[in-house]
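Enquirer: Sending over a structure as structure tokens; questions will come in a sec.
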Amino acid sequence: FTINTWYIYTTVYIMDSLVNAVLIACFLVLHGTLSIATVNCTNGDIRLYNGTTPNEGNVQICNNDNEWSGVCDYSWDCDDATVACRQLGYNDTTALVYTGSYFGEWSKVEFGAYSCSGTETNLIDCSYNIYYVTHSYYCNSQKLAGVRCTKECNNEEIRLVDGESSDEGRLETCYNDMWTPVCVTYFHDEEASVACKQLGYTQYSWGSIFTAGNTPLVKQYATFNSGCSSDFSESKLTECDVNIATGCTKYCDSVRLKCFNPPQCEEGSSRLVNGTIEQEGRLEVCVNGVWGT
């Protein structure tokens, strides 16, 4: 038989070219100069991006090209945030509104200026003003809308959130089944002492007060005009004179507290316990103000 050398040469050349093309493409992808077109999402889907927990972050919507795009914070309010939480499956929640790219920046911003009534199922069902979205002065990577979807609470509960540890943070109280920030106005030693007592602590210290840029918007805020009694007799903040202001506006700066219990012992000291005489027993050492073996 006759060997077709031209056919073999051509086949080898084509295969070699394909291998080289694949290698070059892989190199470019790894170095970020070439992207592979993939379907990342379905048009109209939303997600929360860059939060520390799944229920918070900047709001992003899937665009017509099946790519995630940021939502600008122009006119972003409680009704818009409520719809976003509902679309994400958080049906019985309090929606906390964040602006100013609180959870970080995102380069692509194609949505925003929503005017939801609060009853819609999806964000894309709400009306919006395209004028603001297309002007970088109103919508850019530093003006992204965010939200935290929190579950309903039990009235009279309080909590500390956004702190570096569980014993400190921004003070919130549950009112009308909604987590409500406590305003620093009229909040004094008496209220701070009662709040920490309710949380199981005996003492407190003042922390920094959140500024307007860090305080989320919600539908109501709590203030203590007359406050708690001077003898600290109340066991719960709700036993004090509390007033609730409504409206999704920047009403006040929130209280930030750090609660603590006094140390049981001097750091590094030791003792013997459960012995029959003073010179015997189980050795315990004081670490972080607590006796331990």
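Enquirer: Give region 114-134 a look and list any residue that's in a loop (DSSP other than H, G, I, E, B) and charged (D, E, K, R), or say none.
Expert: Across region 114-134, the qualifying residue is only E120.
Enquirer: So in region 54-87, with the set limited to residues that are aliphatic (A, V, I, L, M) and over 21 Å from E172 (Cβ atoms), which one is surrounded by the fewest Cβ atoms within 10 Å (Cβ to Cβ)?
Expert: This residue is I61.
Enquirer: Have a look at S101, S107 and point out the one that is touching a residue at least 24 places away in the same chain (Cβ under 8 Å), surrounded by 15 or more Cβ atoms within 10 Å (Cβ to Cβ) and either touching a Lys or Arg at 6+ places or on another chain (Cβ under 7 Å) or of a type in the set (G, A, S) (or both).
Expert: Values: S107 fails: surrounded by 15 or more Cβ atoms within 10 Å (Cβ to Cβ).
Exactly one residue qualifies, and that residue is S101.
Enquirer: On to the next question. Name the residue that is surrounded by the most Cβ atoms within 10 Å (Cβ to Cβ), counting only residues in region 148-176 that are on the phi < 0 side of the Ramachandran plot and in contact with a helix residue (DSSP H, G or I) (Cβ under 7 Å, 6 or more places away or on another chain). Spell out the reasoning first.
Expert: Residues of region 148-176 on the phi < 0 side of the Ramachandran plot: 148-155, 157-161, 163-168, 170-175.
Then keep just the ones that are in contact with a helix residue (DSSP H, G or I) (Cβ under 7 Å, 6 or more places away or on another chain); that gives 149, 158, 171, 173.
Numbers: C149: 25, I158: 21, L171: 29, T173: 25.
Among those residues, the one meeting the criterion is L171.
Enquirer: Can I ask one more? Run T121 past the list (1) within 18 Å of D45 (Cβ to Cβ); (2) surrounded by 15 or more Cβ atoms within 10 Å (Cβ to Cβ) and report the number of the one that doesn't hold.
Expert: Result: T121 passes all but (2).
Enquirer: Take region 59-113 and flag every residue that is of a type in the set (S, T, Y) and outside any loop (DSSP other than H, G, I, E, B). Working first, answer last.
Expert: Filtering region 59-113 down to residues of a type in the set (S, T, Y) leaves 69, 74-75, 82, 90, 93-94, 98-99, 101-102, 107.
Residues satisfying the conditions are S69, T82, T93, T94, Y98.
Enquirer: Does A145 satisfy the condition of being at pLDDT 85 or above and not acidic (D, E)?
Expert: yes
Enquirer: Considering only residues that are modelled with pLDDT of 85 or more and crowded, with 17+ Cβ neighbours inside 10 Å, which ones fall in region 225-253?
Expert: C228, E234, L237, T238, C240, V242
Enquirer: Where residues in region 234-293 are under 35 Å from the mean Cα position of the chain (by Cα) and of a type in the set (K, R), which of them is farthest from S165 (Cα to Cα)?
Expert: K250
Enquirer: Pull out all pairs, ordered by first then second residue, where Cβ-Cβ is under 8 Å, the residues are six or more apart or on different chains, the first lies in region 144-166 and is touching a residue at least 12 places away in the same chain (Cβ under 8 Å) and more than 15 Å from T180 (Cα to Cα), and the second is in a loop (DSSP other than H, G, I, E, B) and acidic (D, E).
Expert: L144/D73; L144/E105; A145/D73; G146/D73
The values are calculated or read from the model by the stated rules, or taken from the named source; none is laboratory data. As the structure is a prediction and not an experimental result, all values here were calculated from the model. Note: ideal-geometry Cβ built from the backbone for every residue, glycine included; neighbour counts use all protein chains shown.
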